[in-house]
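The values are calculated or read from the model by the stated rules, or taken from the named source; none is laboratory data. Please read all numbers here as calculations on a predicted model, not as lab measurements. As a convention, Cβ positions derive from the backbone with ideal geometry for all residues, glycine included, and neighbour counts pool all protein chains shown.
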Amino acid sequence: MLLILKILFFCKHFSPGRPTGRTGKKLLLIMSMSMAILICFNAPAGAEEGYKAHAIAMHGRPKYGPGFKHFDYVNPAAPKGGRIVFGAFGSYDSLNPFILKGRTAAGIGALFESLMTSSADEAFTEYCLLAETIEWPVDRSWVTFTLRSEARWHDGRPVTVEDVIWTLETLKTKGHPFYRYYYENIAKAEKIGERKVKFFFTGDPNPELPLITGQLPVLPKHYWEDRDFEATTLEPPVGSGPYRIKSLDPGRSITYELDKNYWGKDLPVNVGQDNVAVIRYDYYRDRAVEREAFKAGEIDFFSENTAKEWATGYDIPAVKKGLIIKREIPHENPQGMQAFVFNTRLEIFKDPRVRQAIGYAFDFEWTNKNLFYGAYKRSASYFSNSELASSGLPGTEELKILNQFRGRIPEEVFTRSYSPPKTDGSGNIRSNIRTALKLLREAGWEIVDGKLTHAGTGTGISFEILLVSPAFERIVLPFKKNLEKLGITTRVNTVDTAQYQNRLDSFDFDMIITTWSQSLSPGNEQRDFWSTDAANTNGSRNLAGIKDSVVDELIDLIISAPDRESLIHRTRALDRVLLWSHYVIPQWHISIYRVAYWDKFATPKIRPKYSLGLNSWWIDPRLEAGLADRKRGVK
């Protein structure tokens, strides 16, 4: 699940979609664990009635027992200190990451914490952070947290149960629309002790709800009481996290410093992490300029997302002499779906045959060969690179789910294995054009004087492809030329980040490129991605405008899945329905991190399975001290 609660300064660099953080999220890209019923290490006597623990796993046991000292993938002796500069794209005008308005500053999530936090080396498991313990019954109809007595806000005041209750109510009523969907089944929260808060659930059984509740970011009620929570602000907010804002130049840069008095620095979940003393983000309006700033030594770390640049752009002295470390780091993360997205709210994209036909004009094989140096794999699932991805024809268990929707979903779901259109990579897509024209004729369109025209209305097809990064223009322009062969006129429009976000939030676009990141434990966030309700809610992630009762029912089935096996089958069923409805033109994915950084970092011996783990890196004082002289030696 993708939850944008704590957007730590590191994590924004490693996701093709929206940034995610170490806390306040479902750990992306997790592997399946045991199918056994959830059991925690320190379940009390009488565990048949309920559990009380330091951690909770979606399936199986937490890896780390109640007495653990630190996660395996950190160095508990890592020194604190040093400085790192990251690049950020675009601009910012707000320090409130929890509302729809504004563009939030990079790294602001480092100020905030949630009740629990995820580990990065196991399946969906959460460990207590602001909370000291978690309790839940066998049927998971409620969950209770006991807060740590030592938990403190940056102003020294204690984190209270009242803060927790106020946060839930405020996020659901005034926060970003995502929170309304994500916490929809949390009916209420009640104080049942000085440091104890109980959450009650509603709706169909959902075994994930205790973990979802643990992801709740907690905000200080006393700070917000006389402030407008729904307004953007550049006033540094009060949080409880490891970093505080040191300085800011609105829209241009923001600097964070490690809080020497951070209350939670010695917690096992934090030991060996948050090692850098000063973190600065410098903003750039162009990704190419940001890349050159990195090469010039003005930025310390760069995550490369352009295959051509990775293949040809780092043949420079700093790399050859080892001053810049260039690494490809494999990962086991599910890749979700990156795609061209049709806005099906528009009349021209209502017919799925039209959407399918347009998909035949995208030549991935030529693009991968000529622009990407063969680096990518074509995506054929909304849950790419995971066991949740559908493939082949539906199996027995999937058919049991899908058969109840016969007549309401595309027949191809039952008869054909989904695969995006293919070419030979030569650039000649004549066969694809013929197939596309056949689909268009079936939908009532024909070529008249070189333009695609509807036989009934005489109207044509013309649409805009909205971009936020110039880097995508070289990919979109060949697609545009192929569409011209179908008699379709397209306009490519690259806009600034503020305009782009505003247009996405109000669904004011024809076609965009986006990514839906996924985990191995999909659930409530699917409502925000695909539900009918979300299609009508500004700021939701249902960018395609999907309004399908079958999809709504499949989402509910996923959320209420009683075990891992049923979750897999239900997710694959949803995947097939989405794919064969042609809401998107799938693009590509890759299963490595491509990173480059100046030689000042040290890393733990063990790397986590499901994260780059940059939050556990540290600055080597010796390397940092001599880096300036070494840089001068290569100029």
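Could you list all residues from the range 325-371 that are under 13 Å from GLN587 (Cβ atoms) and small (Gly, Ala, Ser)? Passing the criteria: GLY336, ALA339, GLY359. Here THR490 clears all of (1) within 30 Å of PRO334 (Cβ to Cβ); (2) modelled with pLDDT of 95 or more; (3) of a type in the set (Ser, Thr, Tyr) except the condition numbered (1). Of the listed requirements (1) in a loop (DSSP other than H, G, I, E, B); (2) touching a Gly at 6+ places or on another chain (Cβ under 8 Å), LYS631 misses just one: (1). A Cβ distance below 8 Å, combined with a sequence gap of six or more or placement on separate chains, defines the contacts here; from the range 330-349, residues that are closer than 21 Å to THR537 by Cβ reach residues that are of a type in the set (Val, Ile, Thr) and part of a loop (DSSP other than H, G, I, E, B) in the pairs THR344/ILE546. Which residue pairs have Cβ atoms closer than 9 Å, lie 6 or more positions apart in sequence or on different chains, and pair a first residue in the range 395-419 that is closer than 22 Å to ASN432 by Cβ with a second residue that is part of a loop (DSSP other than H, G, I, E, B) and of a type in the set (Phe, Trp, Tyr)? Between residues of the range 395-419 that are closer than 22 Å to ASN432 by Cβ and residues that are part of a loop (DSSP other than H, G, I, E, B) and of a type in the set (Phe, Trp, Tyr), the close pairs are GLU412/TYR418.
Taking into account only those residues within the range 577-635 that are closer than 30 Å to ILE409 by Cα and of a type in the set (Val, Ile, Thr), which is surrounded by the most Cβ atoms within 10 Å (Cβ to Cβ)? Looking at the filtered set, the residue picked out is VAL584. Report whether or not ASP510 is touching a residue at least 24 places away in the same chain (Cβ under 8 Å), surrounded by fewer than 23 Cβ atoms within 10 Å (Cβ to Cβ) and closer than 27 Å to ARG408 by Cα. Yes, satisfied.
Entry remark, the range 88-112: residues being of a type in the set (A, V, I, L, M, F, W, C) and assigned to a loop (DSSP other than H, G, I, E, B) number 7 in total.
For the range 123-141, enumerate the residues that are of a type outside the set (Gly, Ala, Ser), more than 20 Å from the chain's Cα centre (by Cα) and assigned to a loop (DSSP other than H, G, I, E, B).
Our first condition is that a residue be of a type outside the set (Gly, Ala, Ser); within the range 123-141, this holds for 124-130, 132-140.
Adding the requirement that they be more than 20 Å from the chain's Cα centre (by Cα) leaves 127-130, 132-140.
Answer for the range 123-141, where residues must be of a type outside the set (Gly, Ala, Ser), more than 20 Å from the chain's Cα centre (by Cα) and assigned to a loop (DSSP other than H, G, I, E, B): LEU129, LEU130, VAL138, ASP139, ARG140.
For THR170, the test of being crowded, with 20+ Cβ neighbours inside 10 Å and either at pLDDT 95 or above or farther than 19 Å from GLU113 by Cβ (or both) is failed.
Annotation: of all residues in the range 447-474 being more than 17 Å from PHE342 (Cβ to Cβ) and of a type in the set (A, V, I, L, M), the one that is surrounded by the fewest Cβ atoms within 10 Å (Cβ to Cβ) is ALA455.
Residues checked against (1) of a type outside the set (Val, Ile, Thr); (2) assigned to a strand (DSSP E or B); (3) at pLDDT 95 or above; (4) touching a helix residue (DSSP H, G or I) at 6+ places or on another chain (Cβ under 6 Å):
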site: ARG180; (1), (2), (3), (4): yes, no, no, yes
site: LYS188; (1), (2), (3), (4): yes, yes, yes, no
site: LYS191; (1), (2), (3), (4): yes, yes, yes, yes
site: PHE199; (1), (2), (3), (4): yes, yes, yes, yes
site: PRO205; (1), (2), (3), (4): yes, no, no, no
site: PHE229; (1), (2), (3), (4): yes, no, yes, yes
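Just a yes or no: is a residue in the range 113-122 more than 19 Å from the chain's Cα centre (by Cα), on the phi < 0 side of the Ramachandran plot and either assigned to a strand (DSSP E or B) or polar (S, T, N, Q) (or both)? No: the range 113-122 contains no residue that is more than 19 Å from the chain's Cα centre (by Cα), on the phi < 0 side of the Ramachandran plot and either assigned to a strand (DSSP E or B) or polar (S, T, N, Q) (or both).
For every residue, the table says whether it meets (1) closer than 25 Å to PRO604 by Cα; (2) surrounded by 22 or more Cβ atoms within 10 Å (Cβ to Cβ); (3) modelled with pLDDT under 85.
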site	(1), (2), (3)
SER34	no, no, yes
PHE41	no, no, yes
GLU48	no, no, yes
PRO66	yes, no, no
PHE71	yes, yes, no
ASN75	yes, no, no
ARG83	yes, no, no
GLY90	no, no, no
PHE98	no, yes, no
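Do we have ARG576 as in a strand (DSSP E or B), over 20 Å from the mean Cα position of the chain (by Cα) and of a type in the set (D, E, K, R) here? No; evaluated as a whole, the condition is false for this residue. For the range 339-384, the set of residues classified as within 23 Å of VAL413 (Cα to Cα), over 24 Å from the mean Cα position of the chain (by Cα) and polar (S, T, N, Q) consists of GLN356 only.
Checking the structure you have, find out if any residue of the range 420-432 is polar (S, T, N, Q), touching a Pro at 6+ places or on another chain (Cβ under 8 Å) and touching a residue at least 60 places away in the same chain (Cβ under 8 Å).
Going through the range 420-432, the residues polar (S, T, N, Q) turn out to be 423, 426, 428, 431-432.
Filter once more, keeping what is touching a Pro at 6+ places or on another chain (Cβ under 8 Å): 432.
After this cut, where a residue has to be touching a residue at least 60 places away in the same chain (Cβ under 8 Å) as well, the list is 432.
So far as the range 420-432 goes, yes, one or more of its residues are polar (S, T, N, Q), touching a Pro at 6+ places or on another chain (Cβ under 8 Å) and touching a residue at least 60 places away in the same chain (Cβ under 8 Å).
Among the residues in the range 331-345, are any polar (S, T, N, Q), over 30 Å from GLU446 (Cα atoms), in contact with a His (Cβ under 7 Å, 6 or more places away or on another chain) and at pLDDT below 95? Break it down stepwise before answering.
Step one: list which residues in the range 331-345 are polar (S, T, N, Q), which gives 333, 335, 338, 343-344.
With the extra rule that they be over 30 Å from GLU446 (Cα atoms), the set shrinks to 333, 335, 338.
Going one step further and asking which of them are in contact with a His (Cβ under 7 Å, 6 or more places away or on another chain), we end up with 335, 338.
Retained after the next criterion (residues that are at pLDDT below 95): 335.
Yes.
Condition test on LYS265, is it modelled with pLDDT under 95, out of contact with any helix residue (DSSP H, G or I) (no Cβ under 6 Å at 6 or more places or on another chain) and outside any strand (DSSP E or B)?
Values: modelled with pLDDT under 95: no; out of contact with any helix residue (DSSP H, G or I) (no Cβ under 6 Å at 6 or more places or on another chain): yes; outside any strand (DSSP E or B): yes.
The answer is no for LYS265.
When the range 315-344 is filtered for residues that are of a type outside the set (A, V, I, L, M, F, W, C), crowded, with 16+ Cβ neighbours inside 10 Å and assigned to a loop (DSSP other than H, G, I, E, B), the ones remaining, listed by number, are HIS331, ASN333, PRO334, GLN335, ASN343, THR344.
Rundown of residues vs (1) at pLDDT 95 or above; (2) aromatic (Phe, Trp, Tyr); (3) surrounded by fewer than 20 Cβ atoms within 10 Å (Cβ to Cβ); (4) outside any loop (DSSP other than H, G, I, E, B), yes/no style:
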{"position": "ARG353", "(1), (2), (3), (4)": "yes, no, yes, yes"}
{"position": "GLU365", "(1), (2), (3), (4)": "yes, no, yes, yes"}
{"position": "ASN368", "(1), (2), (3), (4)": "yes, no, yes, yes"}
{"position": "TYR382", "(1), (2), (3), (4)": "yes, yes, no, no"}
{"position": "GLU387", "(1), (2), (3), (4)": "no, no, yes, no"}
{"position": "ASN403", "(1), (2), (3), (4)": "yes, no, yes, yes"}
{"position": "SER417", "(1), (2), (3), (4)": "yes, no, yes, no"}
{"position": "PRO420", "(1), (2), (3), (4)": "yes, no, yes, no"}
{"position": "ASP424", "(1), (2), (3), (4)": "yes, no, yes, no"}
